[in-house]
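In what follows, a single structure is set out as structure tokens and then discussed.
Only the coordinates and a few stated rules stand behind these numbers; no lab work does. Here the structure is a predicted model, which means the values were calculated and not measured. Neighbour counts are summed over all protein chains in view; Cβ atoms, including those assigned to glycine, are modelled from backbone coordinates with ideal geometry.
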Amino acid sequence: MYAVRFHGRGGQGAKTASRILGTAAFLSGYQAQDSPIYGAERRGAPVSAFTRFGREPIRERGGMAHPDLVVVADASLLEDPAARLSDGITEQTILFVNSPLHAEQIRAQSALPGRITTLGVTEIALQHFGQREAISALLGAVAARLAGLQQEPLRQAIARELGDLGVAPPIIERNQTVALMCYESVQVMARESVALPATIATTFHTPVYESPSRGTARISATGNSVLRETGGWRTFRPVLVADKCNGCWLCFVYCPDGVISMNTDDRPVIDYDHCKGCQICVHECPTHALVAEREQEGGVAWTAR
Ligand code: SF4
Ligand code: SF4
């Protein structure tokens, strides 16, 4: 199996490049798999994508511990620990960096092992498309060349993947042309198998059951901004009418900020320092035991000042 890990920033096309590579491998007769990983990321946040292909069925899934080839779509990621670019890279790993700098200059700037090759893909995209974002086909082409795939399946893969994204045929053709230029331009390095360690140390975590009052996301949990008192955002506050409450905990579950806790009698206690007044609990309470009362300051309603 040949394993390729792409690193990019949200919106740069690393995911599409991984799909182009996977499709090119599939069209070349390999078994292929590609998948991206990103969380609630925004444009510019580090993202990864993985492409695996080989002659045998691919049973490995998810993250890629030992890539043969790492494609770095943005050289700024070399200095970003959150990108985890160095994970599993050995002396044998081929490391492609999208940069107009030479490999030696990149090596001087980063402590990464691996055999580095570079090409200024963004500069090429600017020159031919006038857009720095239009690099997915070009990255896919570079990866295909470094992974040993042929041009024709690459051309077809670009057409399929960009076509699926709704890109117009003339633009797909330009992408194919420029991608093949990149294919020809990147310095090829001999493929070598990554030497896997004899055993891979694995640490299993045993999940610990936590009661709902601890297991639900809470404003007071570690890492949350308990110092940011969002109670000042409130124009109406939820107030409990105790004799209507049946102790169902729904308000606790629905509060998006985790500022409702339940007392030993199963009655809600609201942290007004952090209740932002969204009124979701008021709307969700099945017995209307929570009512919205207008906030006052010095006896004057906020909304009437
Ligand atoms: S008003 Fe919103 S933030 Fe405040 S307790 Fe109710 S659901 Fe939570
Ligand atoms: S949702 Fe209403 S009835 Fe249920 S616990 Fe909360 S206040 Fe009480």
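The table below gives the values:
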read-out: Label point distance in nm, Glu284-Gln150, each placed 7 Å from Cα along Cα→Cβ; value: 5.8 nm
read-out: Sum of side-chain charges, Ser35 neighbourhood, beta-carbon under 13 Å (Lys, Arg +1; Asp, Glu -1); value: +3
read-out: Sorted largest first, extent of segment 2-185 alpha carbons per principal axis (Å); value: 41, 40, 34
read-out: Net charge of neighbours whose Cβ lies under 11 Å from the Cβ of Val282, counting Lys and Arg as +1 and Asp and Glu as -1; value: -1
read-out: Segment 11-106: equivalent-ellipsoid semi-axes (sqrt of 5 x gyration tensor eigenvalues, Cα, Å); value: 23, 16, 13
read-out: Label point distance in nm, Glu123-Val291, each placed 7 Å from Cα along Cα→Cβ; value: 7.1 nm
read-out: Total charge dipole magnitude, segment 56-126, about the Cα centre, Cβ charges on Lys, Arg, Asp, Glu only, Debye to nearest 20; value: 100 debye
read-out: Segment 2-185 - share of DSSP beta bridges that are antiparallel (%, nearest 5); value: 55 percent
read-out: Shape category assigned to segment 105-178 from the gyration tensor of Cα positions, a/c cut at 1.5; value: oblate
read-out: Local electrostatic count at Tyr272 - Lys and Arg +1, Asp and Glu -1, tallied over other residues with Cβ under 13 Å; value: -3
read-out: Highest-first arrangement of 158-166, 178-186, 256-264, where packing means the average Cβ count within 10 Å; value: 178-186, 158-166, 256-264
read-out: Qualifying trypsin sites (Lys or Arg not before Pro) for segment 52-131 [loop in DSSP, other Cβ within 10 Å: at most 12]; value: Arg55, Arg59, Arg61
